[in-house]
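Report on one structure; see the data block that follows.
The values are calculated or read from the model by the stated rules, or taken from the named source; none is laboratory data. Predicted model, so just to flag it, every value in this text is computed and none were measured. Using ideal geometry, Cβ is built from the backbone for each residue, glycine included, and neighbour counts are taken over all protein chains shown.
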Amino acid sequence: MATELKELGRALKRAQYRHHLVFDRALASIGTTIVQWDALRAINEAPASSAHYLAVTTFQSDQAFGTLAGRLVHKGLITRAPGPGRRIEHHLTPAGIQMLQSGSAIADTVLAQSFAPLAEAERETLFTLLGRVGYEAGQSAASA
């Protein structure tokens, strides 16, 4: 039986939606969201990065990331400072580091629950397959 591609796409989206819903609910207990936590993670991994780089890394538009960064500044979780040229650099505050650490502990728990039904070999296969699909789709979109 051939897998219907539309159904495969929906199954992938359903799994992602369920995972994000559980993750967002858990993060609400510490006063953040998956989008905010992911931005903190990206800033932590690449301090002083530009808004554009962070937007791409967190799968957002430049405008959406700018709005998000403004909220994170308002919450005292990041600072923004002028960099070379027109670049705005982003850094975590001590409160941002604490929120990232708290969220990361939640992420570990949620990810373990999300992937618990899969054996280690199945997780490795899924990772490899999603990487191939994601890379190939990204290459096609980039060349269009």
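Key figures
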quantity: When residues of the range 106-134 are limited to those that are surrounded by 14 or more Cβ atoms within 10 Å (Cβ to Cβ) and assigned to a helix (DSSP H, G or I), the one nearest to the chain's Cα centre (by Cα); calculated: ALA107
quantity: Residue satisfying all of: in the range 27-55; touching a residue at least 60 places away in the same chain (Cβ under 8 Å) and aliphatic (A, V, I, L, M); surrounded by the fewest Cβ atoms within 10 Å (Cβ to Cβ) among these; calculated: ILE30
quantity: Among the residues listed as LEU68, LEU77, LEU100, the single one being at pLDDT 95 or above, of a type in the set (A, V, I, L, M), surrounded by 14 or more Cβ atoms within 10 Å (Cβ to Cβ) and more than 24 Å from GLN16 (Cα to Cα); calculated: LEU77
quantity: Boolean, SER140 is modelled with pLDDT under 95, polar (S, T, N, Q) and assigned to a helix (DSSP H, G or I); calculated: yes
quantity: Condition met for GLY103 (of a type outside the set (Phe, Trp, Tyr) and not in a helix (DSSP H, G or I)); calculated: no
quantity: Residue check for ALA11: of a type outside the set (Phe, Trp, Tyr) and surrounded by 16 or more Cβ atoms within 10 Å (Cβ to Cβ); calculated: no
quantity: Of all residues making up the range 66-85, the number that are closer than 16 Å to THR32 by Cβ and either among the aromatic types (Phe, Trp, Tyr) or in contact with a helix residue (DSSP H, G or I) (Cβ under 9 Å, 6 or more places away or on another chain) (or both); calculated: 8
quantity: Filter result for the condition that a residue is under 11 Å from ILE43 (Cα atoms) and over 16 Å from the mean Cα position of the chain (by Cα), over HIS90, HIS74; calculated: HIS90
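To keep it simple, each residue is scored yes or no on (1) among the hydrophobic types (A, V, I, L, M, F, W, C); (2) at pLDDT 95 or above; (3) over 18 Å from LEU111 (Cα atoms).
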position: ALA26; (1), (2), (3): yes, yes, no
position: SER29; (1), (2), (3): no, yes, no
position: VAL35; (1), (2), (3): yes, yes, no
position: ASP38; (1), (2), (3): no, yes, no
position: ARG41; (1), (2), (3): no, yes, no
position: PRO47; (1), (2), (3): no, no, yes
position: PRO84; (1), (2), (3): no, no, yes
position: HIS91; (1), (2), (3): no, yes, yes
